């Protein structure tokens, strides 16, 4: 007997310091892309992501992730290091 498959929508927010990041699509999920800057907290409040991908493998990215985690302790934050050629 096969197990039923459960599907759900995930709200993903991609934060990137690179303004040339291409538009992303992941069928069945909600995605938003925002440039790293002062708008990020407002986008988090309005969009309410389940997962935030913070692009930038540096000590600064880790510091930003820790600051965001203080205000949104239940937000899953993934620090990545992707170039636009990787996307």
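Summary of packing: across the peptides 37-47, 7-17, the per-residue average of other C-beta atoms within 10 Å ranks them, highest first, as 7-17, 37-47. Among rounded, prolate and oblate, which fits region 11-80 when a ≥ b ≥ c are the square roots of the eigenvalues of its C-alpha gyration tensor, a/c under 1.5 means rounded, and a/b larger than b/c means prolate? Verdict is oblate for region 11-80.
The numbers here are math on the coordinates, done by the rules we state, and not lab data. Please read these numbers as outputs of a predicted model, since none were measured by experiment. Cβ sites come from the backbone with ideal geometry, for glycine too, and all protein chains shown count toward neighbours.
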